[in-house]
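Peer 1: This is the structure, below, for whatever I ask next.
The values are calculated or read from the model by the stated rules, or taken from the named source; none is laboratory data. Owing to the predicted nature of the structure, the values given are computational and were not obtained by experimental measurement. With ideal geometry, Cβ positions are generated from the backbone for all residues, glycine too; neighbour counts draw on all protein chains shown. Protein only, heavy atoms only, side chains kept; ligands, DNA and RNA dropped before computing areas. Shrake-Rupley method; radii C 1.70, N 1.55, O 1.52, S 1.80 Å.
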Amino acid sequence: NNTRLLLQTGWRGVWIEADSHRARQIRDGYRDELADGRLTLIESSVTAENIGGLLSDAGVAERFDFLSLDIDMNTGHVWRAMLEAGFVPRVACVEYNASVPPSVDWQVPYDAQGRWEDGSNVFGAGLKTLENLGRAAGLSLVGCEYLGNNAFFVADSDRGEHFLPPY
């Protein structure tokens, strides 16, 4: 998990998990972090309709430091709703569908109940879709990890000279 080290070094966070089995694993594996308030666990499905309320109810500031978004099916739709609700991270790690060519603006049609369960490559959003969503919110796509699962975005106000154009 790409945020465990952050918790271990004193960061605070909110984890939204829809799967009850995984939520139990989180409660067991992160007992200390939950007890001392470094981690808040919300057991809920995430949709475009509820993301703003979930984050507000958890006390997340509209401008926060780091987002890790991995929800398989409705990634672009939920990220758009979150950004439109005013929740904009300084840095984001967002799962993308690497089977979509990077220049193609594509995402699955929105279905709040949609789940990626068939193992196909029909899920989430392509890199161009996420890049466009980030750009509209003042975030630059600065790179992807080598496995082709996650894209990294940095707020333009924080990007400075740390990344070479075209990001």
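Peer 1: Along the charge dipole of the chain, pointing to its positive end and built from +1/-1 on Cβ of Lys, Arg, Asp and Glu, which listed residue (139, 10, 98) has its Cα farthest out?
Peer 2: It is 10.
Peer 1: Additional query: To check my understanding: the extent here is largest minus smallest coordinate of the Cα atoms along each principal axis. What are those three numbers for the stretch 69-167, in Å, largest first?
Peer 2: Sorted from largest, the Cα extents of the stretch 69-167 read 42, 30, 19 Å.
Peer 1: Taking only DSSP H segments of four or more residues, each worth -39500 (n - 2.57), what value at 222 nm results for the chain once the sum is divided by all its residues, to the nearest 500 deg cm²/dmol?
Peer 2: Details: 7 runs with 51 residues, N = 167.
The helix-only estimate for the chain comes to -8000 deg cm²/dmol at 222 nm.
Peer 1: Under 16 Å from a point placed 7 Å out from the Cα of residue 115 along the Cα-to-Cβ direction: which residues of the stretch 20-42 have their backbone N that close?
Peer 2: The answer is 20-24.
Peer 1: Mind giving me the FRET efficiency for residue 122 and residue 56? R0 is 30 Å, r the Cβ-Cβ distance, nearest 0.05 is fine.
Peer 2: Details: r = 32 Å, r/R0 = 1.06.
So the FRET efficiency works out to roughly 0.40.
Peer 1: Give the carbon-plus-sulfur fraction of the accessible surface of the chain in %, rounded to a whole number; probe 1.4 Å, heavy atoms of protein chains only. Let's see the in-between values first.
Peer 2: Details: 4690 of 9350 Å².
Summing carbon and sulfur atoms, their accessible area is 50 percent of the total for the chain.
Peer 1: If you stretched the chain out fully between residue 43 and residue 156, how much longer would it get, using 0.36 nm times the residue separation minus the C-alpha to C-alpha distance? The partial results should precede the final answer.
Peer 2: Numbers: separation 113, 0.36 × 113 = 40.68 nm, distance 3.22 nm.
Length gained between residue 43 and residue 156: 37.5 nm.
Peer 1: How many nm separate the modelled label positions at residue 164 and residue 28, each set 7 Å beyond the Cα in the direction of the Cβ?
Peer 2: Reported label-point gap for residue 164 and residue 28 is 4.7 nm.
Peer 1: A further question on this structure: Given q = 0.14, 0.16 Å⁻¹, what are the Debye log10 I(q)/I(0) values for the chain, with equal point scatterers placed on the Cα positions and solvent ignored?
Peer 2: -0.75, -0.99
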